[in-house]
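The structure appears right after this line, and notes come after that.
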Amino acid sequence: AQEGDLLVVGWGGTFGNIHAAVKEMADAGYKIGHAQFNYINPLPKNTADLFSKYKKIVVCELNLGQLVKMFRSEFNNIEFSQYNKVQGLPFTKSVLVQHFKGLIQILKIMESNVKYTFKDFASDQEVRWCPGCDDYVVLRAMQKALPDMGIKKEDVVFISGIGCSSRFPYYMDAY
C-alpha cells in the first residue's frame, strides 16, 4: 500500500520475512505497507513524505534499534514503534504477522473514540483490603490506565487467583 494504517520499515537482511508478512496481510485486506532501506546515509529524499502517509510506523531490526534511533533524531515529529530481535536468528513470518496485527488492532482501538473515565472502571463494591495494602495502588493504576488506552469495557476481563488480590475483579467495572 502507498498509504494506510501501518508502515513496516526494515533494512539490510530483514527483507524476506518482513516482505512475506506484509504481503500476506495486504492480501487479507489490511492497509499495510513495507519500506526496506538499503542505504541510510543519506536517506532517500522521499522518506519524510512516505512516513507521513501512514498512521503508525514500526521499525523492525535484528539489533537493539540503531535505525529507529536515527529516525527519531531525524524526524522528531513522527512517532516510531520498534520491534527488535537480538538472538542471532531472523524474524519469522508468523511472529511478524501476529505482531503487526496486534499493532493495527491497538490503532483501531485508539481510533474508536471511546471516552471512558476513571469512574467508568470503578465498581460499586466497597473495597475491603487492609489499609496500606499495595493492592489499592494496582487497582487505582488499572482504573486510570484503561481509559487512557481507549479500551472498551466489554473488551476487558480480569481473572484473579487466591488471597486478598482475588477480590480485584469485583472492584473493577468491566466484562
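The values are calculated or read from the model by the stated rules, or taken from the named source; none is laboratory data. What you are looking at is a predicted structure, and each value in this text was computed from that prediction instead of being measured. Positions of Cβ are generated from backbone atoms using ideal geometry, with glycine treated the same way; all protein chains shown enter the neighbour counts. We work out accessible area using only protein heavy atoms, side chains counted, and drop any ligands, DNA or RNA first. Shrake-Rupley method; radii C 1.70, N 1.55, O 1.52, S 1.80 Å.
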- Message: Quick check on the stretch 6-61: of everything there that is in contact with a helix residue (DSSP H, G or I) (Cβ under 9 Å, 6 or more places away or on another chain) and basic (K, R), which residue is surrounded by the most Cβ atoms within 10 Å (Cβ to Cβ)?
- Response: K56
- Query: Can you tell me which residue in the stretch 1-51 is nearest to the chain's Cα centre (by Cα), limited to those that are under 16 Å from Q98 (Cα atoms) and acidic (D, E)?
  - Reply: D5
- On the given criteria, is K101 at negative phi, at pLDDT 95 or above, surrounded by fewer than 17 Cβ atoms within 10 Å (Cβ to Cβ) and touching a strand residue (DSSP E or B) at 6+ places or on another chain (Cβ under 9 Å)? no
- Message: Going by what's in this entry, would E61 be described as more than 23 Å from K108 (Cα to Cα) and of a type in the set (D, E, K, R)?
- Response: yes
- Task: Identify the residue in the stretch 63-94 that is of a type in the set (A, V, I, L, M) and open to solvent by 70 Å² or more (accessible area, probe 1.4 Å) and, among all such residues, is nearest to the chain's Cα centre (by Cα).
- Result: L64
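Matching residues to (1) within 24 Å of N77 (Cβ to Cβ); (2) among the polar types (S, T, N, Q); (3) in a helix (DSSP H, G or I):
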residue	(1), (2), (3)
K23	no, no, yes
Y30	no, no, no
G33	yes, no, no
I40	yes, no, no
I57	yes, no, no
N63	no, yes, no
- Item | Candidate set: the stretch 117-136, residues that are outside any loop (DSSP other than H, G, I, E, B) and open to solvent by less than 100 Å² (accessible area, probe 1.4 Å); chosen: the one modelled with the lowest pLDDT | F118
- Task: For residues that are more than 24 Å from the chain's Cα centre (by Cα) and in contact (Cβ under 8 Å) with a residue 12 or more places away in the chain, scanning just the stretch 143-172, find the one that is least open to solvent (accessible area, probe 1.4 Å).
- Result: Y171
